[in-house]
Amino acid sequence: MKHRRSDFPEGFLFGTATSSYQIEGHAQGGAGRTMWDDFADTPGNVVRAENGARACDHYTRYEEDFDLVAGAGLDAYRFSLSWARVLPEGRGAVNQEGLDYYDRLTDALLARGIKPCATLYHWEMPSALQDLGGWRNRDIAGWFAEYTEIVMKRVGDRMFSVAPINEPWCVAWLSHYMGLHAPGQRDIRAAARAMHHVLLAHGRAIETMRGLGMQNLGAVFNFEWPLPADDSPEAQVAVDRYDGIYNHWFLSGVFRKHYPQIVLDGLERHLPANWQDDFDVIGAPVDWCGINYYTCKRLTLDDSPWPSVAEVEGPLPKTLMDWEIYPEGLYNIISRTARDYTGDLPLYVTENGMASADVLEDGAVLDPARTAYLDGHLDQVRRAQAEGVPLKGYFIWSLMDNFEWALGYEKRFGLVHVDFDTLERTPKASYHALAEALKG
Ligand code: IFM
């Protein structure tokens, strides 16, 4: 890599990120069924109908995996806890085995000097709560607060940081409007309710953890940098709507206690009653803001119902996800977030990385494109820092190849290759390059 640890301010954290359903092996340890199990069991939703039942078997191999985190010289590890592993029915009876597991996992990180950075929800809604409407049901916020209290009473004393919900846009829009993730709904009213309830649940969890005396609590959003497909005024309208739905809605709710009018123009009539009264909860103060960034989008208007936005293919090199590689977008998002929403609040890049068709040959995996991707985005991190943005850390998605949701196991995002037959782990060339860069 062209960057070295010494190029970054003292105390800048380098980490890597994973999530429970994508790596643990959900069939183990008494976990309850989740909406992702149901979604994957429905033909046509997930490539080859793959699911997270075994995944990377991190449930039993976490010590080996944390040796890899430590071996790369990383400071922090961002992971998620599975709601259904702790509460198989989403509420009520606790699965002690699940709580014990997260307790052991936390201590295994600390024993290696790695900072545990937890997320409470990374998408696997317990099926029993999905039966009750999941994110459509306002009660989800209270159920989420109860789960938060149970799990954080057990491990909260040892967390470096906690964020309630990973990527609210994916939870709400991708899963209830676009239908591409569980529960696979394509319904604007469901999406509007999820857009609001996901933020309400975030706020209730923050309040709950404050009640337990916890600190260093944040929010993790995913962003894309929208670009007009051409110079037309229509393309700019498309950009503004997309930007509103994808990027501004969540930042504005949490940091300004209102929603952008350009999105309310289409969603207000579908929002739950009295939504305006929830902003003191949604806007509960946080200690940092996490930015997940991968790509840009090129947009124009079409004649479909609101928001009438269509994506157009762009010219830049793409990752295996078909996502254009556009590092400047990371800078744009970071600097705009600090300028317009978060001010002096610490920012973290909580996810960044790429999928490639990595192959294990003669015991090695050569992935120069990943190293170049990381270097390109770290350039933009340094650019923002040079301008005074309080950016405090950078987490790579992901530690190892894993279950890429509806796209199954073939989109390899890891620094570490996983053979999904033998489950053998092999650090890729990018892992070794990173370890070299972080030395000293
Ligand atoms: O794998 C996902 C992760 O679960 C959330 N952020 C984006 C990653 C890559 O698609």
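The values are calculated or read from the model by the stated rules, or taken from the named source; none is laboratory data. What you see is a predicted model, and the numbers here were worked out from it, not measured in a lab. So basically every Cβ, Gly included, is an ideal-geometry build from the backbone, and we count neighbours across all protein chains shown. Accessible surface areas use protein heavy atoms only, side chains included; no ligands, DNA or RNA. Shrake-Rupley method; radii C 1.70, N 1.55, O 1.52, S 1.80 Å.
Condition first: more than 16 Å from the ligand (Cβ to nearest atom), closer than 21 Å to M178 by Cα and either among the charged types (D, E, K, R) or open to solvent by 10 Å² or more (accessible area, probe 1.4 Å) (or both). Now tell me which residues in region 284-306 satisfy that.
R298, T300, L301, D302, D303, S304, P305, W306 - these are the residues of region 284-306 that are more than 16 Å from the ligand (Cβ to nearest atom), closer than 21 Å to M178 by Cα and either among the charged types (D, E, K, R) or open to solvent by 10 Å² or more (accessible area, probe 1.4 Å) (or both).
Give region 271-283 a look and list any residue that's under 21 Å from E167 (Cα atoms) and open to solvent by 20 Å² or more (accessible area, probe 1.4 Å), or say none.
Once the filter is applied, which keeps residues that are under 21 Å from E167 (Cα atoms) and open to solvent by 20 Å² or more (accessible area, probe 1.4 Å), region 271-283 yields W275, D280, V281.
Have a look at D362, D322 and point out the one that is within 14 Å of the ligand (Cβ to nearest atom), loosely packed, with under 15 Cβ neighbours inside 10 Å and free of Cβ contacts under 8 Å to residues at least 40 places away in the same chain.
D322
Hey, among the residues in region 149-198 that are aromatic (F, W, Y) and away from the ligand (no atom under 16 Å from the Cβ), which one's nearest to A128 (Cα to Cα)? Outline the logic, then answer.
Taking region 149-198 as the starting set, the residues that turn out to be aromatic (F, W, Y) are 160, 169, 173, 177.
So of that shortlist, the ones also away from the ligand (no atom under 16 Å from the Cβ) come out as 160, 177.
Details: F160: 31, Y177: 22 Å.
Here the residue is Y177.
Give all pairs with beta carbons closer than 6 Å in which a residue from region 106-126 that is within 17 Å of E89 (Cα to Cα) meets a residue that is within 16 Å of the ligand (Cβ to nearest atom) and of a type in the set (F, W, Y); count only pairs at least 6 apart in sequence or on separate chains.
E124/Y21; E124/W36; P126/W83
Restricting attention to region 397-411, and to residues there that are more than 11 Å from the ligand (Cβ to nearest atom) and hydrophobic (A, V, I, L, M, F, W, C), which single residue is farthest from L74 (Cα to Cα)? Can you show your working first?
At the first step, the residues of region 397-411 found to be more than 11 Å from the ligand (Cβ to nearest atom) are 399-400, 408-410.
Those left that are additionally hydrophobic (A, V, I, L, M, F, W, C): 399-400.
Numbers: L399: 10, M400: 14 Å.
Top of the filtered list is M400.
Does region 392-415 hold any residues that are of a type in the set (A, V, I, L, M) and buried (at least 24 other Cβ atoms within 10 Å of the Cβ), and which are they?
Within region 392-415, I396, L399, M400, L415 qualify.
Test of understanding: among K392, K439, K428, which residue is within 18 Å of the chain's Cα centre (by Cα) and either within 30 Å of A53 (Cβ to Cβ) or more than 16 Å from the ligand (Cβ to nearest atom) (or both)?
K392 is the lone residue from the list that is within 18 Å of the chain's Cα centre (by Cα) and either within 30 Å of A53 (Cβ to Cβ) or more than 16 Å from the ligand (Cβ to nearest atom) (or both).
A quick yes/no check of all residues on (1) touching a Phe, Trp or Tyr at 6+ places or on another chain (Cβ under 9 Å); (2) open to solvent by 10 Å² or more (accessible area, probe 1.4 Å); (3) in contact (Cβ under 8 Å) with a residue 12 or more places away in the chain; (4) not in a helix (DSSP H, G or I):
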{"position": "R138", "(1), (2), (3), (4)": "no, yes, yes, yes"}
{"position": "A141", "(1), (2), (3), (4)": "no, no, yes, no"}
{"position": "Y147", "(1), (2), (3), (4)": "yes, no, yes, no"}
{"position": "I150", "(1), (2), (3), (4)": "no, yes, yes, no"}
{"position": "A163", "(1), (2), (3), (4)": "yes, no, yes, yes"}
{"position": "A172", "(1), (2), (3), (4)": "yes, no, yes, no"}
{"position": "S175", "(1), (2), (3), (4)": "yes, no, yes, no"}
{"position": "M178", "(1), (2), (3), (4)": "no, yes, no, yes"}
{"position": "A182", "(1), (2), (3), (4)": "yes, no, yes, yes"}
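Only one of L109, L99, L129, L120 is within 16 Å of the ligand (Cβ to nearest atom), open to solvent by less than 30 Å² (accessible area, probe 1.4 Å), at pLDDT 95 or above and in contact with a helix residue (DSSP H, G or I) (Cβ under 8 Å, 6 or more places away or on another chain); which?
None of the others qualify; the one that does is L120.
In region 24-83, what residues are at positive phi and without any contact (Cβ under 8 Å) to a residue 60 or more places away in the chain?
Correct list: G25, G44, A49.
Within region 77-96, track down each residue that is away from the ligand (no atom under 16 Å from the Cβ) and buried (at least 23 other Cβ atoms within 10 Å of the Cβ).
Going through region 77-96, the residues away from the ligand (no atom under 16 Å from the Cβ) turn out to be 84-96.
If the condition is that a residue be away from the ligand (no atom under 16 Å from the Cβ) and buried (at least 23 other Cβ atoms within 10 Å of the Cβ), then A84, R85, V86, L87, G90 are the ones that fit.
Under 9 Å by Cβ, and 6 or more places apart or on different chains, what pairs join a residue from region 333-353 that is farther than 22 Å from L374 by Cβ and open to solvent by 30 Å² or more (accessible area, probe 1.4 Å) with one that is outside any helix (DSSP H, G or I) and of a type in the set (D, E, K, R)?
Once the first residue is farther than 22 Å from L374 by Cβ and open to solvent by 30 Å² or more (accessible area, probe 1.4 Å) and sits in region 333-353, its partners that are outside any helix (DSSP H, G or I) and of a type in the set (D, E, K, R) give L345/D287.
Considering G376, G414, which residue is modelled with pLDDT of 95 or more and more than 12 Å from the ligand (Cβ to nearest atom)?
Answer to the check: G376.
Scan region 298-314 residue by residue and report those that are touching an Asp or Glu at 6+ places or on another chain (Cβ under 8 Å) and part of a loop (DSSP other than H, G, I, E, B). Can you show your working first?
Initial filter on region 298-314 (touching an Asp or Glu at 6+ places or on another chain (Cβ under 8 Å)): 298-301, 306, 308-310, 314.
Across region 298-314, the qualifying residues are W306, S308, G314.
Looking at region 1-57, which of the residues that are of a type in the set (D, E) and more than 18 Å from the chain's Cα centre (by Cα) is farthest from K392 (Cα to Cα)? Steps first, answer last, please.
Within region 1-57, the first condition is being of a type in the set (D, E), and the residues that meet it are 7, 10, 24, 37-38, 41, 50, 57.
Subset that is more than 18 Å from the chain's Cα centre (by Cα): 7, 10, 37-38, 41, 50, 57.
Details: D7: 13, E10: 10, D37: 36, D38: 38, D41: 41, E50: 36, D57: 31 Å.
Among residues in region 1-57 that are of a type in the set (D, E) and more than 18 Å from the chain's Cα centre (by Cα), the one farthest from K392 (Cα to Cα) is D41.
Consider only pairs whose beta carbons are under 9 Å apart and that are at least six residues apart or on different chains; among these, list those whose first residue lies in region 400-417 and is within 10 Å of G52 (Cα to Cα) and in contact (Cβ under 8 Å) with a residue 40 or more places away in the chain and whose second residue is among the basic types (K, R) and away from the ligand (no atom under 12 Å from the Cβ).
If the second residue must be among the basic types (K, R) and away from the ligand (no atom under 12 Å from the Cβ), the pairs left are G408/R48; Y409/R48.
All but one of (1) open to solvent by 20 Å² or more (accessible area, probe 1.4 Å); (2) among the hydroxyl-bearing types (S, T, Y); (3) within 16 Å of the ligand (Cβ to nearest atom) hold for S232, so report the exception by its number.
Unmet for S232, out of (1) open to solvent by 20 Å² or more (accessible area, probe 1.4 Å); (2) among the hydroxyl-bearing types (S, T, Y); (3) within 16 Å of the ligand (Cβ to nearest atom): (3).
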